[in-house]
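Novice: Questions regarding the structure given below will be posed in turn.
The values are calculated or read from the model by the stated rules, or taken from the named source; none is laboratory data. What you are looking at is a predicted structure, and each value in this text was computed from that prediction instead of being measured. Don't worry about glycine lacking a Cβ; one is built from the backbone with ideal geometry, like all the others, and counts go over all protein chains shown. Protein only, heavy atoms only, side chains kept; ligands, DNA and RNA dropped before computing areas. Shrake-Rupley method; radii C 1.70, N 1.55, O 1.52, S 1.80 Å.
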Amino acid sequence: MNQTPLPRWDISSVFPSLESEAFQDEFARVLEAITDLAALFDRYEVRRRENASDADEVFVQRVEEVLGRVNALRERLRTVGSYIHCYVTTDARNDTAKAYQSRLETQGVLLGQLNARLVAWLGSGDIEALLAASPLAREHEFFLRRAEVLAQHQMSESEENLAAALQPMALGGWAKLHGNMTALLSVTVALPENSSQSEPQNERVLPMSAVRALASSPDRAVRKAAFEAEIQAWETVALPLCAALNGIKGYQRTLRKRRGFENDVEPTLIGNSIDRETLQAMQSACVQSFPDFRRYMDAKARALNLPQLAWFDLQAPLGEANKSWSWPEATAFIVENFGRYSPELADFAAKSFREGWIDAAPRLGKIGGAYCTCIRPGESRVLMNFDGSFYDVSTLAHELGHAYHNLTLAGRTPLQLGVPSTLAETASIFCETLIFEAAVAQANASERFTLLNSALERNLMVVVDIHSRFLFEQAVFEKRASRDLTASEFCDLMTQAQRATYGEHLEPLHPYMWAVKGHYYGPTFYNYPYTFGLLFGLGLYACYQRDPERFRAQYDDLLGAAGMADAATLARRFGLDTHDIAFWNASLGIIRGQIDEFEALVAQM
């Protein structure tokens, strides 16, 4: 592999440094603006209104002023918060960044309280009268209508204030513990003597992110050694992570009950802009597809000359995937294939590489996985841990899809930017599919085999593994109702969920995935939105294939409206019905076709 150094992102164009006068002045002004906003809320009595049935001129003026001030503050907070987050997630030992983050989170308590008051103030009034009287209100209609629903599930103002005050320690503190411990976790891996990655002493001490990257090694002995070392490492931190997960799920469940939601999933449906019918239709279609994914797993086992896959074989490369991609090869491939959709998308990707938006190098203190954060309107930063696999080329395309989505949202106000996780995955999945389809179009049979395996690895994760995570979290909430769970109980629930989805086609399983995945330590049920994103994105890609010109004319507008309508409404623009299991089966049908072809290619080997 070409040893071109992997890039680290450049955030100096935002602020020169955390120590710079420019950053410190803006940080101080943001804190001051939060205090000023609180004073405005008190002056205008921004809180639940009893018997508010009209929208007089004074009230309309106050609403418009408050919305304007909230938007302005959130815009500045996004930049400052993302800037600090970039430091924290790439260097867990940066105490300066963590101190700023903590100060911001402390003020975040007040912001949470103000947000609850804003929802109560707007949601308890006559929304129709306000919309009729105010053009600015009409621009934020979706936000207002959501406030009307959420206001019905609010606790008293004092209880909401207490919940916001407790969040940094009851949820945020536990989440930081998980993030810091996993970022700093070092693993001693005993690599086999004949491995190209071994050193003379046959042992290497690696950050957890690098150890997990070995899951895509072409050498099964390396994958197995890395997996076994990883499991042992998770065992050493199971106790504090167990406490963190118990604390978070207990806090979330208590608030859900106090707010009068029927079950733990219900509040997430509102936040994800979908309804129960959509979730049920999608998950039913997924469960029906599990036997097809097991066909893929069995075929991959045959391709690897194994009787059955182990967990550490799931990302094993096949065929030409033994090739490692250099960073220049990966970026050139993405720019070229994005260009097959539009010059604008290709230029955007090239700009992100040219201007240092990507942090790709794994290192100790950097969190695992990948994410994209919008740091200024239309400008993002992407974190990943690039290992040279085609999987990571796809991951890079995925995160750039998020960045492109941020570009389409550049003209929206922060209150119009409430893009749910379900719709936030639309552009990322679309860009991944562009890469896959364009690569397949120019591939020979051997390369096609490799690409199919890479795509099916991703699809297996997002459809099958994500459903196991949903089942796990559902079971945790149910059992957490009566007491704390032990680490061994979390492991048992995890393997039960994996067995329910993967079937008997995978052994051994990964009992510590509850410790691996940071998603359990953040928003509730931060799993099924990824499945929605994949299948919704595939459904849109099918629309693109049917009528490319019509699709291009609508696509950016759809992305730009993702925080201004629910998923079903947006889907109808393309004639799609998210309540109909047939829609989800059609998207899964694309994957079934890939599995059929993969099986046929394995049979020819």
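Novice: Of the residues in the range 1-47, how many are in contact (Cβ under 8 Å) with a residue 60 or more places away in the chain, out of contact with any strand residue (DSSP E or B) (no Cβ under 8 Å at 6 or more places or on another chain), of a type in the set (D, E, K, R) and more than 28 Å from residue 113 (Cβ to Cβ)?
Specialist: Residues in the range 1-47 being in contact (Cβ under 8 Å) with a residue 60 or more places away in the chain, out of contact with any strand residue (DSSP E or B) (no Cβ under 8 Å at 6 or more places or on another chain), of a type in the set (D, E, K, R) and more than 28 Å from residue 113 (Cβ to Cβ): 2 in total.
Novice: Now, a different point. Restricting to the range 147-164, name every residue that is among the acidic types (Asp, Glu) and open to solvent by 40 Å² or more (accessible area, probe 1.4 Å).
Specialist: Those that are among the acidic types (Asp, Glu) and open to solvent by 40 Å² or more (accessible area, probe 1.4 Å): 148, 157, 159.
Novice: I've got another one for you. Which number in (1) in a helix (DSSP H, G or I); (2) modelled with pLDDT under 95 marks the one condition that residue 93 misses?
Specialist: Just one mismatch for residue 93, condition (1).
Novice: OK, next. What are the residues in the range 74-121 that are among the hydrophobic types (A, V, I, L, M, F, W, C) and within 24 Å of the chain's Cα centre (by Cα), if any?
Specialist: Answer for the range 74-121, where residues must be among the hydrophobic types (A, V, I, L, M, F, W, C) and within 24 Å of the chain's Cα centre (by Cα): 77, 80, 84, 86, 88, 92, 97, 104, 109, 111.
Novice: A follow-up question, please. Would the range 267-290 turn up any residue that is free of Cβ contacts under 8 Å to residues at least 12 places away in the same chain, assigned to a helix (DSSP H, G or I) and open to solvent by 20 Å² or more (accessible area, probe 1.4 Å)?
Specialist: Checking the range 267-290: at least one residue is free of Cβ contacts under 8 Å to residues at least 12 places away in the same chain, assigned to a helix (DSSP H, G or I) and open to solvent by 20 Å² or more (accessible area, probe 1.4 Å).
Novice: Can you tell me which of 12, 82, 17 is open to solvent by less than 20 Å² (accessible area, probe 1.4 Å), at pLDDT 95 or above and closer than 30 Å to residue 354 by Cα?
Specialist: Just one listed residue meets the conditions, 82.
Novice: Read through the list (1) over 25 Å from residue 449 (Cβ atoms); (2) open to solvent by less than 40 Å² (accessible area, probe 1.4 Å), then give the number of the only condition that residue 311 fails.
Specialist: Condition not satisfied by residue 311: (1).
Novice: Something else: Please verify whether residue 504 is among the acidic types (Asp, Glu), at pLDDT below 95, more than 30 Å from residue 171 (Cα to Cα) and in a loop (DSSP other than H, G, I, E, B), treating the condition exactly as stated.
Specialist: In short, yes.
Novice: I'd like to know if the range 529-541 contains one or more residues that are more than 23 Å from residue 594 (Cα to Cα), out of contact with any strand residue (DSSP E or B) (no Cβ under 7 Å at 6 or more places or on another chain) and of a type in the set (Gly, Ala, Ser).
Specialist: no
Novice: For the subset of the range 404-452 comprising residues that are assigned to a helix (DSSP H, G or I) and out of contact with any helix residue (DSSP H, G or I) (no Cβ under 8 Å at 6 or more places or on another chain), which member is farthest from residue 338 (Cα to Cα)?
Specialist: Checking each candidate, the answer is 406.
Per-residue answers, yes or no, for (1) of a type outside the set (Phe, Trp, Tyr); (2) assigned to a loop (DSSP other than H, G, I, E, B); (3) out of contact with any His (no Cβ under 6 Å at 6 or more places or on another chain):
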site: 331; (1), (2), (3): yes, no, yes
site: 367; (1), (2), (3): yes, yes, yes
site: 372; (1), (2), (3): yes, no, no
site: 375; (1), (2), (3): yes, no, yes
site: 386; (1), (2), (3): no, yes, yes
site: 394; (1), (2), (3): yes, no, yes
site: 397; (1), (2), (3): yes, no, yes
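Novice: Of the residues that sit in the range 462-496 and are free of Cβ contacts under 8 Å to residues at least 12 places away in the same chain and assigned to a helix (DSSP H, G or I), which one is surrounded by the most Cβ atoms within 10 Å (Cβ to Cβ)?
Specialist: 489
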